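To start, the structure itself, in structure tokens.
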Amino acid sequence: MKTVYVGMSGGVDSSVSAALLKDQGYHVVGVYMKNWSKNLPGMKCPWAEDLADAKRVAVKLGIDFKVFDFETDYKQKVVDYMLTEYQKGNTPNPDIMCNQEIKFKLFAETAFEQGADFIATGHYAKIKTTAGLAHLCKAADDNKDQTYFLYRVRPEILSRTIFPVGNMQKPDVKKLAEKYGLENAHKPESMGVCFVGEANMKDFLAEFINLKPGEIRELETNKKLGYHEGAILYTVGQRHGLGLGSGLPYYVAKKDIKQNIVYVSKNLNADKLWTNEIKLKDIYLRDTAKQVEVRLRHRAPLIPATFDGEKVVFEKPVKKIASGQSVVFYNQDICLGGGIVAED
Amino acid sequence: MHMIYLDHAAATPVSDKALQAMLPYFRESFFNPSAAYLSATKIRRDYEAAKDQIAHVIGAKCADLVITAGATESINLAFNILPPNADVLISSIEHAAVFENAKKYHYQEIAVDKTGKLDLADFQAKLTPKTQFVSIALASGELGTIEPIAEVAALVKAERLRRELANETTPIYFHCDASQGLGLLEVKVGRLGVDLLTINAAKVYGPKGVGALYVGHNVKLKPLTVGGGQELGLRSGTENVPGVIGFATAISEAEKHLNSERRRVESLRKTLKNSLSDIPGIIFLGNPKNQLVNFLPISLPGLDAERLIFALENQEIYLSTGAACSASKGIKSRTLTAIGLSDTEIAGSLRITLGKLNDEKNIIEAATAIKQTIISEQKRIKENCI
């Protein structure tokens, strides 16, 4: 009997994944990765509840259950990375880093050390093996496809990974959860950074970074429009949260991190908001294709582009994405890898 | 399927009588007891009468009680008597509310034996001319072990008299947290010899969010909240009239049926214990001679108690691991560590506490389910090892 360690969050996708694997005859060990347990002011960390939910599912399925304590590594490799990037003025994607460093590295390595043949998670993605090489492929459910977050996962890990819900539609997963009698079938999905949530990012950063207030200026006129709580909190292209009163919305067009000034514009067509090319760094590509399709954010439509090894070039201008975000490459269903948007 | 509740030490349902007594005070009789008109004065009288009823049960008078929002507040108020850096003695198995307060001072823990019983010799050794505060629970919330409160009080009294004779001015107070035990033990402040006593409505079939602190005549407390001067200036804020009415009704009811309920629950525990005793490896915790009759703490070394709880929860049987608050935070129980249990014994420990929601029938049903669940979990672990 093959042993599979399933990362269980207490949510519906990983719970159903564990149930499916058990039905398929694997020796299933559920694992809760304890990555973060601190409560921050005004933010209750739900880890204990999540852990209890995951364990409840394990008990229901009659499978083994373990807790892997990755708190130190998570702080160093995900949170510290995130903080450093924000301080540089970038907008990092911690979920991508978490997959690269924690779920598909530390968790996988620990599981394999303990004798697992495979690891599994509740991610929506598929793995196809051709000529002995494992490829990451888009999920059957287009709406849920999570390959954008998984593009940096290495093939040697993928070849020993199972995504049990990757070829299913989310509504079917929910139905299965009910069939298996998993209480959390209706639990809300976690959004954004697993432990913070997008809404709380500012409060989270404020805990760790000394934020300095600064001026908001109009890009075209350099006129002072108001004040912000710290330029690092703003993302180019961002529309909300400027607190500049009514009228046409302002968009963040530029950040001057050194001077701590945020430049905004009412003109959606402002040059600063659009680009024909995006320069990448930290590129991880499994294929050297020049003609690709790219995704600029999770669930965004695919856009044709060419890649010269350094820059992604588009036929038509695209709305800029912030430095620190990822551009992910596809060839039809196969996710080829991608890179991180470099600073201007 | 119907619920079988085996966690009465965590919370009790409000009794019918208490609920009915409370209801008028939410709507018809809602007046502020401090208002001048006669309808409000009547509420004031009802409130004072209810306080008197509560006081009576513990052998005190209305004026000796400060109503609080529960045991935790009572404990905080009791500790508030202390000057900074005071010397404090607590047992090593106190509730977090006592422990966290003690940490603010210069405190020492008194050892307990492996049944959770206070080591009086260790207490005597640690009691010094500088000790200003002693806080010991009437009964452990995890083990149900009943502590020798009167003996501790006698030692505290002797030390107080010695100081008087020696013209030493350092005061000493004895606080007892009686949250667990009220309703199943006769709790009289005179007989216990305590200066301060914490009681709680939520454990005696009264509402949550109501408690009281008994304050002896020689004790000059300092308030934690100031304002309108309610509760003799010791706890300002408009009185929780329905809560106190509910508390009084519940505690009087409990006192009235104390002996019969004690016998009934003790017999249920015996049934349950006998039924569980042939489970391989089971350990019964606590002090069989001095244990609250509703407590049946057990340990199943090698098993994960939380798994058992989840498996039983699926059968609508509710019980606890160690103390409810410790378990949910993933913190190892201080009590179970203090009585010398190993990590595997702690991990496999369950607290079963009986009460009004139990009868012979559901206890037998629960016993069968608990046994089956434990045995199938033991079997599952064995199979996975091969």
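Got a sec? Which strands (runs of 3 or more DSSP E) wholly within the stretch A:302-344 have at least 1 residues that are within 12 Å of residue A:285 (Cα to Cα)?
Answer list for the stretch A:302-344: A:303-307, A:326-331, A:334-341.
Name the single residue, out of those in the stretch A:230-274 being of a type in the set (Lys, Arg) and more than 22 Å from residue A:297 (Cα to Cα), that is modelled with the highest pLDDT.
A:258
Which residue, of A:9, A:37, is of a type in the set (Gly, Ala, Ser) and touching a residue at least 40 places away in the same chain (Cβ under 8 Å)? First the steps, then the outcome.
Numbers: A:37 fails: touching a residue at least 40 places away in the same chain (Cβ under 8 Å).
That would be A:9, the only listed residue that is of a type in the set (Gly, Ala, Ser) and touching a residue at least 40 places away in the same chain (Cβ under 8 Å).
When you scan the stretch B:122-164, how many residues do you find that are more than 26 Å from residue B:295 (Cα to Cα), part of a helix (DSSP H, G or I) and open to solvent by 40 Å² or more (accessible area, probe 1.4 Å)?
Number satisfying all stated conditions: 11.
Here are A:3, A:84, A:91: which of them is without any contact (Cβ under 8 Å) to a residue 24 or more places away in the chain and β-branched (Val, Ile, Thr)? If you could, list the steps in order and put the result at the bottom.
Working: A:3 fails: without any contact (Cβ under 8 Å) to a residue 24 or more places away in the chain; A:91 fails: without any contact (Cβ under 8 Å) to a residue 24 or more places away in the chain.
A:84 is the lone residue from the list that is without any contact (Cβ under 8 Å) to a residue 24 or more places away in the chain and β-branched (Val, Ile, Thr).
Being of a type in the set (A, V, I, L, M, F, W, C), part of a loop (DSSP other than H, G, I, E, B) and within 28 Å of the chain's Cα centre (by Cα) is the filter here; which residues of the stretch A:243-295 pass it?
To start, the set of residues in the stretch A:243-295 that are of a type in the set (A, V, I, L, M, F, W, C) comprises A:244, A:248, A:252-253, A:257, A:261-262, A:264, A:268, A:270, A:273-274, A:278, A:280, A:283, A:285, A:289, A:292, A:294.
Now drop any that are not part of a loop (DSSP other than H, G, I, E, B), which leaves A:244, A:248, A:257, A:268, A:270, A:289.
Residues satisfying the conditions are A:257, A:268, A:289.
So the check is Cβ under 9 Å with 6+ separation or different chains; which pairs have a first residue in the stretch B:260-286 that's modelled with pLDDT of 95 or more and loosely packed, with under 13 Cβ neighbours inside 10 Å and a second one that's part of a helix (DSSP H, G or I) and of a type in the set (Gly, Ala, Ser)?
B:274/B:367
For residues that are surrounded by fewer than 18 Cβ atoms within 10 Å (Cβ to Cβ), without any contact (Cβ under 8 Å) to a residue 40 or more places away in the chain and out of contact with any strand residue (DSSP E or B) (no Cβ under 9 Å at 6 or more places or on another chain), tally how many sit in the stretch A:140-174.
4
When the stretch B:191-221 is examined, which residues are found to be of a type in the set (D, E, K, R) and either modelled with pLDDT of 95 or more or closer than 14 Å to residue B:71 by Cβ (or both)?
Hits for the stretch B:191-221 are B:191, B:195, B:203, B:208.
Please report, ordered by residue number, the helices (runs of 4 or more DSSP H) entirely within the stretch A:42-139 with at least 1 residues that are open to solvent by less than 40 Å² (accessible area, probe 1.4 Å), more than 13 Å from chain B (Cβ to nearest Cβ) and of a type in the set (S, T, N, Q).
A:108-113
Taking the condition assigned to a helix (DSSP H, G or I), more than 14 Å from chain A (Cβ to nearest Cβ) and either on the phi < 0 side of the Ramachandran plot or not charged (D, E, K, R) (or both), does residue B:247 pass?
yes
Within the stretch A:293-334, how many residues are open to solvent by less than 10 Å² (accessible area, probe 1.4 Å) and over 25 Å from residue A:253 (Cα atoms)?
The qualifying residues number 2.
Being open to solvent by 40 Å² or more (accessible area, probe 1.4 Å) and within 14 Å of chain B (Cβ to nearest Cβ): is that true of residue A:22 here?
Here the answer is yes, as residue A:22 does meet what is asked.
Right, residue B:256: among the basic types (Lys, Arg), farther than 30 Å from residue B:50 by Cβ and either in contact with an Asp or Glu (Cβ under 6 Å, 6 or more places away or on another chain) or more than 14 Å from chain A (Cβ to nearest Cβ) (or both) or not?
No; evaluated as a whole, the condition is false for this residue.
Take residue A:28 and decide whether it is touching a Leu at 6+ places or on another chain (Cβ under 6 Å), within 14 Å of chain B (Cβ to nearest Cβ) and of a type outside the set (D, E, K, R).
So residue A:28 fits the description; yes.
Looking only at the stretch B:177-186, decide whether some residue is closer than 17 Å to residue B:18 by Cα, within 22 Å of the chain's Cα centre (by Cα) and open to solvent by less than 30 Å² (accessible area, probe 1.4 Å).
Scanning the stretch B:177-186 turns up at least one residue that is closer than 17 Å to residue B:18 by Cα, within 22 Å of the chain's Cα centre (by Cα) and open to solvent by less than 30 Å² (accessible area, probe 1.4 Å).
Any idea which of (1) within 24 Å of residue B:334 (Cβ to Cβ); (2) out of contact with any strand residue (DSSP E or B) (no Cβ under 7 Å at 6 or more places or on another chain) is the one residue B:2 doesn't satisfy?
Exception for residue B:2: condition (1).
Within the stretch B:8-32, how many residues turn out to be open to solvent by 20 Å² or more (accessible area, probe 1.4 Å) and closer than 29 Å to residue B:370 by Cβ?
The number of residues fulfilling the criteria is 5.
Mind checking which helices (runs of 4 or more DSSP H) fall wholly inside the stretch B:1-112 and carry at least 2 residues that are more than 16 Å from residue B:179 (Cα to Cα) and more than 20 Å from the chain's Cα centre (by Cα)?
Hits in the stretch B:1-112: B:16-22, B:38-57.
The values are calculated or read from the model by the stated rules, or taken from the named source; none is laboratory data. Here the structure is a predicted model, which means the values were calculated and not measured. Please note: Cβ atoms are built from the backbone with ideal geometry, for glycine as well, and neighbour counts cover all protein chains shown. Side chains included, ligands, DNA and RNA excluded: accessible areas come from the protein's heavy atoms. Shrake-Rupley method; radii C 1.70, N 1.55, O 1.52, S 1.80 Å.
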